[in-house]
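Read through the structure below, which is laid out as C-alpha cells, and then see the notes.
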Amino acid sequence: MSKAASRANGASTKRLAEDGDICPVCKSSRYLNPNMRFRVNPECYHRMCESCVDRIFSHGPAACPIAGCKRTLRRARFREQTFEDLKVEREVDIRKRVARVMNKTESDFETLRDYNNYLETVEEITWNLILKIDLEATEKRLRLWEEAQKAEVESINSTVSRRLHTATDTVDPQSDTARVILKKSGVQRKALGPSSANTPEPGAMDTGLKDTGFTFAGLKKRVAPEPEKPFDPYGGWNIEPQYYTVMDDYDVDFISGAKTDVHHLAGGYDIRDFYSRALCEAFSGFGVFVEEEVIARENQASGDVGVGTQTAATVADGGKEVNMDDIF
Amino acid sequence: MKFFIDELPVLFPYPRVYPEQYAYMCDLKRTLDAGGHCVLEMPSGTGKTVSLLSLIVAYQQFHPEMRKLIYCSRTMSEIEKALAELKGLMKYRTEQLGYEEEFRGLGLTSRKNLCLHPSVKREKSGTVVDARCRSLTAGFVKEKKERGEDVELCVYHENLDLLEPHNLIPPGVWTFDGMLKYGEQHKQCPYFTARRMMPFCNVIIYSYHYLLDPKIAERVSKELSKDCIVVFDEAHNIDNVCIESLSIDLTEDSLRKATRGVNNLDRKITEMKSTDAAKLQNEYAKLVEGLREAEEARDENAFMANPALPDDLLKEAVPGNIRRAEHFVAFLKRFIEYLKTRMKVLSVISETPPSFLSHLRDLTFIERKPLRFCAERLTSLVRTLELTNIEDYQPLQEVATFATLISTYETGFLLIIEPFESATATVPNPILHFTCLDAAIAIKPVFERFSSVIVTSGTMSPLDMYPRMLNFSCVVQESFTMTLTRRTFLPMIVDRGSDQNQVTSQFEHRNDPQVVRNFGNLLIEFCKLTPDGVVVFFPSYLYMESIISMWQGSGVLDEVWKYKLILVETPDAVETSLALETYRTACNNGRGAVLLCVARGKVSEGIDFDHHYGRTVLCMGVPYQYTESRILKARLEFLRETYRIKESDFLSFDAMRHAAQCLGRVIRGKDDYGVMVLADKRFGKKITQLPKWIQMALDGKNTKLSVDQAVGSAKAFLREMSVPWTRGQMEGTSTWSLEELETHQKKQKGMGVLGVEERRAEGRAVDVVMMERRETVEVTEVTEVDEFGGGEDMDALMGDMDA
C-alpha cells in the first residue's frame, strides 16, 4: 500500500511519508489535513491517523488494517506516540512491564556487585523480550517471578496479620483501650510497608523451595517487620488498683439513701463513681514509702543517671518493686 | 640586575626595574610564602610577565623543593610571548650565574601547531589533525603492527619510544619554533615530547583550557603535583572560560548525528562479536571489577575525555545494566530518543537537573546512576572497539557528556530548551542549552588541588568580585598602577554633546537623532585632532551597523573620510584581519585611520594598538551584555541567590571590565601615550568599577565633559605629549636602577608600615579619597621625589625621617 502511494506521488511524497506525514491507511497527508494526529496501538505499533482509528475501531475490536498484520486491536488502547522511533516506543513499553516486576533496589542486595549482576540480568530479560528470543520461556519465568514475589509479600502480610491476631489474643479482650490501640498500630504497620526491617528470622519464609523463575545471588530475604508492641500510654505502669477491688454495690447505711434519691439520680449521678472515688482516696498512698523514695532521689541526684534510668526501665517493664496506686 | 627581596635573590633580565614590578614581585613572594591564592591587577605594558617569571624562577631555584610553575595564558601569541620571555630570562641567569641550571621550560599547544608528520600537518582543521594523529599513534595501532598487520604508523611518534622516557629533550627553554626544529632534526614528535615531558618540567606554559576544561584537564594535567604554582594570566575573563567549559548546546542536527553515531557503534559491536568476541568479553570483565582498573589501561592517547567526575564515582563499578556493550548502545539510543521528544516543545522550557532526571525516569526508565557513568562507559567502549575516526562520534560524545553532567550536578546548572531562534521566528529550530551557571564548579578542582593559584590581569577591578564569583579566598589582593613622570594617558568621560543633549547608548535613546549626531560629532572631532590611529568601540554589532548607516545618511562618514580612512570589524575573522592589516598600513604611512569595532569582538580582546596604531580610543556607549538572553538571566539569578551578587552589580561589572579592556588597548607601555574617551552619561556613576590605574588618572574635572570641552583638553594633552622627552627623565621615579631600588628597600625597612606616599612610589593603587589629600601636598612631594632621584644624600634623608 505504501508502495502505491510512493508510485503515485513520486519522490517528494515518499520523503513526506518517511517523515511520517502521510497516514498509511487512508493516505491523507498533513497537506490536506493540517490537524492530523497519529495514533499507535501497543499491540503491533502500526501508525495510523486518528480519523482512521475512529472509522475502523469505533464498532468494537477489529483487525489491524496494515497489510500483513492480522492482530486484533481495540480502540481504547490506541494512544499518542511518545517517541519518534517506534522501536524505542516498544522498548519502553516492555521496560515498563519489566520494571513493574523487577523492582529491587540497591538496598535489597548484600553487595553492590550483586546488585549490578541483578541489573544485568534484568537487562537481559528485557532484551529477550524486545528481540523475541525465548519469548515463551522468558515470559514464563517472569510470571513465575512475579508470582513468587507476590507470594512472598503475601506471606509477609499473613505473618504480620497472624502476629496481629496473637497479639490481640494475649491482651485482655475486655479492655477497650487495648483494642483501639491495636487497631491504630495495625494501620501504622501497613503504612510502613513490608521492607522496613531486614533482620533474618527463621520460619518467616517458606516459599524458598518453589521455582521462582530467577535466582539472584546476594538478594536479601524479604522479612516481615517486627510486630510493634501495643501502645501503652502509661509506659508500663500498672494502673489497676492493687489493694482493693471495686464492687458493684456496697451495703452501707449512710449511702443507701443516696442510691435511690431522685435528686441525685436526676443529675446522672452514678453511685459506682462514688465508690471508686472513695476507695481510691482511702487507699492512695498505700505502698508508697517516702523514705525509700527520698533515698532513691538522692541516689539519682548524686549523678548516677544510669541507675536511675535502669530503675525507670524496670518500672516500665511492669516490675513489682514499686507499686504505684496513686494515680492522682 | 640582581637584587634581594627579603632573603630571596632575584635575577631580573633588565638593567632597570619599574617600581610597580618590584612591588608586584614582593606580593608574589608573600603569596608563595604564605601558600594561598592571590589576585593581582597590574596595567598592561608594565612587564607583568617578566616580573612574574623572574620571581617564580628565582623562587624555584632558591628553594630546594623546586615547586613547578604552571603558567596559563589565553591565546597562542601570549603563550609564545611568555616562552620567549622565559628563554631570555634563563639566558640572563646563565650569564650571571656562570653556569647552566638544570631547568626545563616547555609550552604545550594543540597537535595542529606541533605536528611534523608530512601529510597530517597539511590538514587545515584542528579536529582532523587530532583524529589523523590518533589513528597513527594510538596504542592498538601499534599492537596491530606488532601482530604483523599492515598499518601506518607515525615515524616521529615511534622514535620517541627509543629514547629515555624522562629525557626526551635536553634541558633548557623550548619555544614552539625551537621544539619544531629540534623535532625535525631528531625526527621526533614535538607534541608528544611536550606531553610526556610535562612531569619533568620546571615551567609549563599552556592555555587555560588544559587546566580548566575538565574534558582535557583529566588527561593533560593529571600528574601535576599539589605544590605546583599555578598562574592564570589575562584572567579577566576566567569566569566565562569556566562556564563555557562545562556548558553544552545540543541541536536537532547534533542529535541526528548522535543517532548515526550510535547506529555505527551498534554495527561495530556486531562486527566485533563475530570477529573478536574475546575483546568485548575482556572489557566486560574489567568493567565488572570497577572502572579504576579499566582506567589504568588508559594512556595519553585516550580518545574521549570524561567531564569532571567525583572520585567516588571512578572507584565504583559500572552499573550492571550498561555493562554489556549492546545494552549500553540501546541505553544511549533510548536517551537520545528521549532528548528528541523533549526538543519538540513549542514554548521555552527551563528546568533543573533533578526535574529533568525524574521526568526521564518516568518516561524511559533510565535511572540516574547509569547516566552518570555514560561518558566513562562510552570512552571505554570506543577504546575497545578501536575506533579511529573519532570525529564522527563527536556529537555522541557530547550527548554522553551531557548525560554525565546533568546526573552529577544538582545545582549550578540549568537546562533551557528554546524552540525558536528568535522571538519572531515561526519555524522551530530547537536548541537545548545545558548551561553551567556557577563558574566556581570548573575552577574548584584547581583551587583545591594547588596550594598557590595566582590570578592576574591588566583589568580585574573590582578585585573582590573574582574571589566571590569563583568562590575562593585569597591571601593577597592588590592593584598596581603605572608609575609615570608625566601623564601619558588622558581618560575622559563625555556625557553630552556640544548641543548639551545627552550622549548614551541606552536602549530607549540610542536611535534618537540627536544622540546619533552627538556620537557622530565626537568621532569627527577626534578624527580631526588625533595624529594617527583612532579606535572606536561599540556595544554590539547590531548597534554599530545601525549607527553607521545613520551616519552615512547624515554625512558624518563623509566628514570623517576627509581626515581618516574608515575600517570596520565584522564577525568574519578573515575580513577583520584584512581590515586590521589595512589599518596598520594606513597608520604607518602617516595618514592614519579609524577602526570601528565591537567591545566584545576579537579586536577588543587580543589586538594591541601600541604607539601610533592607537592614539585615541573612543568607547561609544556602555558595553552591556544582551540582557534578554535566557542564559544570562538564569546566571544572574543564580549569582544573586548563591553569591549575593546583585544583577545590576554583575552587569555593570561585566560591562566595565570590557570597557576597561578596550581602553587598555592603546596604552601598551610607559613611553606610549593616548586619549581614552568614555562616551556615555552612565559612565559617570561607574568610575569606581574601572581599574585603579585608570581611576587614578581620571581627574574629577574630566568626568563630566561635553564634546567640545573634551576636544579642548585632548588638544592640550596632545600638545603636552609632543614636547620632546627622553627616557632619562623617567629614571628615579618610574624606573629604578639597582641603587635606587636598594635605597627604597632600606627606606621601607625603616618605615615598617607603608604610608600613602610609599604605596604610590611603589605603584600600588591608592584610594581616590587618599589621592585628593595628596593633591594638597603636591608641592612638597615634588621636591621630595627629586631628592630621591639623587640617591647620594640618602643617609641624611633617612636620618630626617627617623627623627
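Using the scaling law 2.2 N^0.38 Å as the reference, what is the normalised Cα Rg of the protein assembly as shown? Normalised Cα radius of gyration, the protein assembly as shown: 1.28. Neighbours of residue B:132 by Cβ distance under 15 Å: Lys/Arg scored +1, Asp/Glu scored -1, total +1.
Here the relative contact order of chain B, from alpha carbon pairs under 8 Å that lie six or more residues apart, stands at 16 percent.
If you keep only loop residues by DSSP, which chymotrypsin sites (Phe, Trp or Tyr not before Pro) in the stretch A:232-304 have at most 15 other Cβ atoms within 10 Å of their Cβ?
Here the chymotrypsin sites (Phe, Trp or Tyr not before Pro) that fit, given the DSSP loop and packing criteria, are A:234, A:237, A:243, A:244, A:250, A:269, A:286, A:289.
Residues whose amide H falls under 5 Å from that of residue B:452, counting only those 5 or more places apart or on a different chain, are B:230, with hydrogens built in the peptide plane. The modelled label-to-label distance for the pair residue B:423/residue A:150, using points 7 Å beyond Cα in the direction of Cβ, is 5.8 nm.
Positive end of the dipole of the protein assembly as shown (Cβ unit charges, origin at the Cα centre): among B:179, B:240, B:103, the Cα lying farthest that way belongs to B:179.
Taking packing as the residue-averaged number of other Cβ atoms within 10 angstrom, the listed peptides B:456-463, B:408-415, B:355-362, A:119-126 run from highest to lowest as B:456-463, A:119-126, B:408-415, B:355-362. Residue separation times 0.36 nm, minus the C-alpha to C-alpha distance between residue B:588 and residue B:701: what's the value? 37.3 nm is the gain from fully extending residue B:588 to residue B:701. Taking Cα centre as origin and charging only the Cβ of basic (Lys, Arg, +1) and acidic (Asp, Glu, -1) residues, the dipole magnitude of the stretch B:247-438 rounds to 700 debye. When you count the other C-beta atoms within 10 angstrom of each residue and take the mean per peptide, B:114-122, A:258-266 line up highest first as B:114-122, A:258-266. For the chain pair A and B, the buried solvent-accessible surface (1.4 Å probe, both sides summed) amounts to about 2000 Å².
Which order do B:236, B:509 take by accessible area at a 1.4 Å probe, largest first?
B:509, B:236
Among the listed pairs B:646/B:715; B:2/B:226; B:81/B:747, a Cα-Cα separation exceeding 32 Å is found for B:646/B:715; B:81/B:747. Sum up the charges of everything whose Cβ sits under 9 Å from the Cβ of residue B:471, counting Lys and Arg as +1 and Asp and Glu as -1, but leave residue B:471 out. Taking every Cβ under 9 Å from that of residue B:471, the sum is +1. Entry comment: accessible area of chain B is 40 Å² per residue, from protein heavy atoms only and a probe of 1.4 Å. Compared with the dominant Cα axis of chain B, that is its longest principal axis, helix B:439-449 is turned about 90°. Per-residue Karplus couplings for the stretch B:488-499, computed as 6.51 cos²θ - 1.76 cosθ + 1.60 with θ equal to phi - 60°, are listed in order as 9, 9, 10, x, 9, 10, 9, 10, 8, x, 5, 8 Hz, Gly and Pro entered as x. The helix-based estimate of mean residue ellipticity at 222 nm for chain B, built from -39,500 (n - 2.57) per DSSP H run of four or more residues and divided by its residue count, is -15500 deg cm²/dmol to the nearest 500. With the charge dipole of the stretch B:1-88 set up from +1 on Lys and Arg Cβ and -1 on Asp and Glu Cβ about the Cα centre, the Cα lying farthest toward the positive end among the listed residues B:52, B:79, B:39 is that of B:79. Amide H contacts of residue B:431: B:418, each under 5 Å away and 5 or more positions distant or on a separate chain (H built 1.01 Å from N in the peptide plane; Pro and chain starts excluded). Under the shape rule built on the C-alpha gyration tensor, where the axes satisfy a ≥ b ≥ c, the stretch B:465-512 is oblate, since a/c reaches at least 1.5 while a/b does not exceed b/c.
Taking 17 Å as the straight-line reach from the Cα of residue B:144, the lysines in range (excluding those fewer than 8 positions away in the same chain) are B:279.
All C-alpha to C-alpha distances of the stretch B:346-454, sorted into 5 Å bins beginning at zero, yield P(r) values of 2, 10, 15, 17, 17, 16, 13, 7, 3, 1, 0 percent in whole numbers. Between the residues A:242, B:354, B:514, the greatest Cα displacement towards the positive end of the dipole of the protein assembly as shown, with unit charges on the Cβ of Lys, Arg, Asp and Glu, is found for B:514.
Seen from residue B:550, the other residues with C-beta closer than 11 Å to its C-beta sum to a net charge of 0, counting Lys and Arg as +1 and Asp and Glu as -1.
Residue by residue, the stretch B:734-744 carries 3J(HN,Hα) couplings of 9, 9, 10, 8, 4, 5, 4, 5, 5, 4, 4 Hz when phi is fed to the Karplus relation 6.51 cos²θ - 1.76 cosθ + 1.60 (θ = phi - 60°); x denotes Gly or Pro. 3J(HN,Hα) couplings calculated from phi for the stretch A:98-105 with the Karplus curve 6.51 cos²θ - 1.76 cosθ + 1.60 (θ = phi - 60°) are, in sequence order, 5, 5, 5, 8, 8, 10, 6, 10 Hz; Gly and Pro show x.
A 22 angstrom limit on the alpha carbon distance is what I want to check against. Which of A:27/B:257; B:681/B:701; A:87/B:344; B:268/B:344; B:333/B:444; B:29/B:749 exceed it?
A:27/B:257; B:268/B:344; B:333/B:444
For the stretch A:18-81, the share of accessible area belonging to carbon and sulfur comes to 46 percent (1.4 Å probe, ligands and nucleic acids excluded).
All alpha carbon pair distances within the stretch A:17-119 were sorted into 5 Å bins beginning at 0; the resulting P(r) in whole percents reads 2, 11, 18, 17, 15, 10, 6, 6, 6, 5, 3, 1, 0. Gain on full extension, evaluated as 0.36 nm per residue between residue B:316 and residue B:270 minus their Cα-Cα distance, stands at 13.8 nm.
The values are calculated or read from the model by the stated rules, or taken from the named source; none is laboratory data. Owing to the predicted nature of the structure, the values given are computational and were not obtained by experimental measurement. Please note: Cβ atoms are built from the backbone with ideal geometry, for glycine as well, and neighbour counts cover all protein chains shown. Only protein heavy atoms, including side chains, enter the accessible area calculation; ligands, DNA and RNA are left aside. Shrake-Rupley method; radii C 1.70, N 1.55, O 1.52, S 1.80 Å.
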